1. Can you report the principal axis dimensions of the range 3-233 using only the alpha carbons, biggest first, rounded to whole angstrom?
2. Across the range 3-233, how many lysine pairs, 8 or more positions apart or on different chains, have C-alpha atoms separated by under 29 Å? Please give the number.
3. What list do you get for 144, 202, 282, 51 if you sort them by fewest beta carbons within 10 Å?
4. For the chain, what proportion of DSSP beta bridges, expressed in % and rounded to the nearest 5, is antiparallel?
5. What is the angle, in °, between the Cα long axis of helix 284-296 and the longest principal axis of the Cα atoms in the chain? Nearest 10 is fine, range 0 to 90.
6. Each label point is 7 Å from the Cα along the Cα-to-Cβ direction; what then is the distance between the points at residue 268 and residue 238, in nm?
7. Fewest first, what order do 294, 151, 210 take by the number of other Cβ atoms within 10 Å?
8. Got a sec? How would 68, 29 order by Cβ neighbour count within 10 Å, fewest to most?
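Just so you know, all these numbers are worked out from the coordinates, no wet-lab data involved. These numbers come from a predicted model, not from an experiment. Glycine gets a Cβ as well: all are built from the backbone with ideal geometry, and neighbour counts include every protein chain shown.
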Amino acid sequence: MDRRQFLIHSSFLTAGLATPLKNLWGRTTGNFTPLRRNVGYFTERGGTIGWLAADDGMVIIDSQFPETAKNCLNGLRNRSDHPLDLLINTHHHGDHTSGNPVFKGVAEKMVAHENVPMLMAQSAEEGEGNQESAYPTTTFAERWQMDVGDETVHAHHFGPAHTSGDAVIYFEKANVVHTGDLVFNRMNPYTDRPAGASIQNWIKVLQSIEEEYPADVQYIFGHGKSDFGVTGGKQDITVMRNYLAALVEHVQQGLEQGKSREEITSVEVLTGFEEFLYADFWTLPDNLNLVYEELTQS
Ligand SMILES: [Zn+2]
């Protein structure tokens, strides 16, 4: 496959929409992009993987799927021979954790928010997750950190948002943050209410992120519309927060005007956010219905 084709495919994959297409072009070995100070990201299929590959330490954030997790690990071996110190899962969803078995016995530590093992078990029971999986064994409630070589890696939980077990990972010296699925860059985001998601609290969580990290942090996002990509700056966090706030405002206004649930939620594109990707697997009405349920406690 030539580079142009590969980039087109990669951007589909980045958007997380590739599942039905996954076998059309056979094997790839993914796409590595260095960002700052031995930290970068990897895209192939599923949620964006973040990595640190240095002479004195190695970290992988999220694991996509077994095949792509192997490609990621093999590719990083060209950058560092150091054993894998850490695998961190930003949350439990299958496109971020199905590759975990590849790292079992390989990663020194497997870390996630304390709700993640339970949520992974729940998904496996419902047949949504990978039946044969490897659960994080080191968990935390709010804040966790570890020195890896000359880098300090932080994991922070700011409360329920995309799920009830979201972690934000901060490479302090590199000044890079992986948001997991707290940011779908210019995409209507999937919201997992059965796993404890809250759109209203998600807005507060994004505000906490904007306040917590330096203004010049480089962000890695779980997913992104292809022409916006899976990295960005503080302004992109604000766009995501404004989008969620607009969802809440739309439903609130509809309720005040006495409109029916059907009238309020039958919208294909949110005004002011026309550049967003509204994918079929999780629609704008899906999110508006969740906001409706949050606001009416139904
Ligand atoms: Zn997710």
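1. 41, 40, 35
2. Counting lysine pairs in the range 3-233 gives 12.
3. On the way: 144 20, 202 25, 282 17, 51 28.
Least to most surrounded, the residues fall as 282, 144, 202, 51.
4. The answer is about 65 percent antiparallel.
5. Approximately 70 degrees, to the nearest ten.
6. Once both label points are built, they end up 3.1 nm from each other.
7. Least to most surrounded, the residues fall as 210, 294, 151.
8. Values: 68 25, 29 14.
With the sparsest Cβ surroundings first, the list reads 29, 68.
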